[in-house]
Structure formats: structure tokens, C-alpha cells
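Let me begin by presenting the structure, written as C-alpha cells, before commenting on it.
The values are calculated or read from the model by the stated rules, or taken from the named source; none is laboratory data. Not measured: the values here are computed from a predicted model. Cβ sites come from the backbone with ideal geometry, for glycine too, and all protein chains shown count toward neighbours.
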Ligand code: MG
């Protein structure tokens, strides 16, 4: 990848119509001399992608769904824009590997982002990872692909970006340097942090999607409400930072101002603080090793007043314990956990499963599907598929209905 001095660096934004995409384009728009959105990609939201194309004039735009791509093409031609439209499942992989875009923001939610993240890693990009699922599913494969392709992995997830900022400079991805005692990931606790177990059992999708601190997509909002998001982040941290699960802990921090901490063997704890705004980690990764202005509100500590920390309650939030269990088991267990969770969350959002049905389904899938080791991408995709089928079966079973 060559970055020519004086010219803006080309950025491909995968998942440009989601919240990560919006925030990334907002930061790019503030630095037109430094960055250019060369390629935008999404699944189906052609109206929003067209609006983004009109503003950013990318060379390439990609949509997975053919009808949506056709609508985008018509809109672009009507507006007289020369943007080339790519279509289909492979379109996102294609824009992830475009030589004109040395930087790739991976913001496609769920397992659907795996192939494009891998394509960017193989092509030696600066891969800014905002979607945790590919790392959870196939972390060792993704890290190996980045190593072989000469890619740089930079985490966007606010906690992992915080860890990166507190981590010894120059450490290799996936290998913990000496002197680190543990990582502490902070969790807001989600919208149900103070709810009783009885109230949580009755929670609706609308309540689950109302996050107290962050504005996010619906899938990750439900994950925050179950604490599965934190569970996936624990696995993500083990992979990115090369630590065993015993050295990655979770602490509930309601103010969401301390984004995570690293503890060293000399007793020092380093933390990264800031307003809860995804543009900070995005600007950090885009500008790294420089610091650039993302347009965020600066943190006023005196106004913030109190910073609280407490232990998470895995009794009311069993998903966190399930994720730790998958991390201990290792191999394909995290991929199975992730697939079961995606299916269970989708069923919850569609009103086919109650809130407590989510951990119930994941637990039953983890018991039903055997987890071997991660041999290659095919082994991951096979485990992912088996877990999805088992989750769909569990949701349609009377036992899951009783949990409803
Ligand atoms: Mg996070």
C-alpha cells in the first residue's frame, strides 16, 4: 500500500450507512486534505448510500442486494455522478481490497463482515475494526491474514481502542508484551443495569434498544442490554492483545467516561477517558500515530464529578458468563456462541423470543454443537452454520417457548 505525500489518503467505508459509517464520514468530512472516502459499501440502504455518494463523490459504491444496487445506479446516473456501482456478496470484499483505499473501516455488523475484513487484511490495509464478530469467530485466522498481508489492525470498539492507547507502543497484535498484569474492560451496564430479574424477563425490544450512553444499531443495543456485547468484547480483547481469559476482567462503570484500563505488574493502571462518542476512537485510528480533531465535546471532569466502578452481576446477565465459558473452551466455541447469539437476538427483535430466551438459546446451542479447533475458514463457517441451525431449532422448540 502506498500513501503519496500531500494527497488525501483513500478510505473504504464498509457499512457506510450504519452508525459507524456515519461517524467515520463525519470525521473524514472534517479533514478533506487528509482523507478521501474512495469507496462506500452497505447491504441494502440505497437511499442513504446515494445521499452519501452525492456528498462524498466516491469512486466506487457497493451494495450487496441487487435491487438496491439498481436503484442506486439509477440515482447516481440521474445526478450525473460517475461513481461505479458494484453488486453482490463479493462487492464488499472487492472494495476492501481496492488499491486506491489503503485504509478500510470495517463497520458491517455481525458475521456478514468476516469476508470483507479478511480481504482487507490480506491486501495489507490499515484495517480499522469496528465489528467485533469476525474477530470473535475467526480471530486467529484474521490476525494471521493481517500478518501475512502486512496489514495493520487498529481497534475501533471504544474499549479496545482505549486499551490500544494504554498499551506499550510497538507491541505486535495478538502478543502481550511482558509487564502487563491484566486488562479491565468497562461496561455501562446497559439499559437494565438496575432492573430486577423479574422486570428483565419482561423486557421488550424497544426497551432493550434504548441505551443510556451510546447511540448504536439494534443488534449491538440488544447485546449491550444482555451484556453479551461485553462478553464478545472479552473474547475480542483476548485475541487482539494475546492474553488468557483470566487476565481480562469486566467492571461496570455507569458514566461511560473511562473506556477501559490496563494494569501493569508495577501496580500502575493506565486508563483512557473521553466523552462517549465513537468519533474519538475513529479519529484515533484514522490519524494514528497523529492526533486529529474529530469534533467531539471535550470531557469536563469537574462537571462529570463522580466515577463509579462495580462488579457485573452474571446472575441477572448470564450472557457474560456464557461468553467467558466460550473463551475458556476456545477453538470454535466463540464462533458457536456468536452465531447462536445473532439468531437469538434477531428472534427477540422480531418478537419470537423473550429476553431471557436469548441466553437460554445460546446455552442450549453451546451444549448441542461440538466445538473443535479452528483449522481454517471452512471449519469456522461450518461451526457458524451448525450453530445457526441449532439456534433456529431451539427457538421453535416447546422448551424455548416455555422460557418465553
Ligand atoms: Mg464497545
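Go through the stretch 209-233 and report how many residues are away from the ligand (no atom under 11 Å from the Cβ) and at pLDDT 95 or above. The qualifying residues number 6. Annotation note: of 199, 138, 145, the sole residue that is within 17 Å of residue 108 (Cβ to Cβ), more than 16 Å from the ligand (Cβ to nearest atom) and without any contact (Cβ under 8 Å) to a residue 40 or more places away in the chain is 145.
Output the residues belonging to the stretch 247-272 that are in contact (Cβ under 8 Å) with a residue 24 or more places away in the chain and either out of contact with any strand residue (DSSP E or B) (no Cβ under 7 Å at 6 or more places or on another chain) or assigned by TED's automatic domain parsing to the domain that holds residue 341 (or both). Once the filter is applied, which keeps residues that are in contact (Cβ under 8 Å) with a residue 24 or more places away in the chain and either out of contact with any strand residue (DSSP E or B) (no Cβ under 7 Å at 6 or more places or on another chain) or assigned by TED's automatic domain parsing to the domain that holds residue 341 (or both), the stretch 247-272 yields 254, 255, 256, 266.
All conditions but one from (1) surrounded by fewer than 24 Cβ atoms within 10 Å (Cβ to Cβ); (2) under 21 Å from residue 64 (Cα atoms); (3) touching a helix residue (DSSP H, G or I) at 6+ places or on another chain (Cβ under 8 Å) apply to residue 129; the one that does not is (1). Quick check on the stretch 92-102. Is at least one of its residues surrounded by fewer than 24 Cβ atoms within 10 Å (Cβ to Cβ), closer than 21 Å to residue 342 by Cβ, free of Cβ contacts under 8 Å to residues at least 40 places away in the same chain and away from the ligand (no atom under 16 Å from the Cβ)? Within the stretch 92-102, one or more residues are surrounded by fewer than 24 Cβ atoms within 10 Å (Cβ to Cβ), closer than 21 Å to residue 342 by Cβ, free of Cβ contacts under 8 Å to residues at least 40 places away in the same chain and away from the ligand (no atom under 16 Å from the Cβ).
If we keep just the residues of the stretch 235-256 that are surrounded by fewer than 24 Cβ atoms within 10 Å (Cβ to Cβ) and either under 15 Å from residue 335 (Cα atoms) or within 14 Å of the ligand (Cβ to nearest atom) (or both), which is nearest to the chain's Cα centre (by Cα)? Reasoning before the result, please.
Residues of the stretch 235-256 that are surrounded by fewer than 24 Cβ atoms within 10 Å (Cβ to Cβ), as a first pass: 239, 241-249, 251-256.
Restricting the remaining residues to those that are either under 15 Å from residue 335 (Cα atoms) or within 14 Å of the ligand (Cβ to nearest atom) (or both) gives 239, 248, 251-253, 256.
On the way: 239: 14, 248: 18, 251: 19, 252: 19, 253: 20, 256: 17 Å.
Applying the filter and picking the extreme gives 239.
Within the stretch 355-365, the residues that satisfy the criterion of being buried (at least 20 other Cβ atoms within 10 Å of the Cβ) and assigned to a helix (DSSP H, G or I) are 357, 358, 359, 360, 361, 362, 364, 365.
State whether one or more residues within the stretch 287-310 are modelled with pLDDT of 95 or more and within 15 Å of the ligand (Cβ to nearest atom). No, that holds for no residue.
Condition check for residue 267 on (1) buried (at least 24 other Cβ atoms within 10 Å of the Cβ); (2) under 23 Å from residue 167 (Cα atoms): one failure, at (1). Of all the listed residues (189, 170, 174, 179), the sole one being touching a strand residue (DSSP E or B) at 6+ places or on another chain (Cβ under 6 Å) and more than 16 Å from the ligand (Cβ to nearest atom) is 179. Please verify whether the stretch 192-207 includes one or more residues that are more than 29 Å from residue 374 (Cα to Cα), touching a helix residue (DSSP H, G or I) at 6+ places or on another chain (Cβ under 6 Å) and surrounded by 19 or more Cβ atoms within 10 Å (Cβ to Cβ). Within the stretch 192-207, one or more residues are more than 29 Å from residue 374 (Cα to Cα), touching a helix residue (DSSP H, G or I) at 6+ places or on another chain (Cβ under 6 Å) and surrounded by 19 or more Cβ atoms within 10 Å (Cβ to Cβ).
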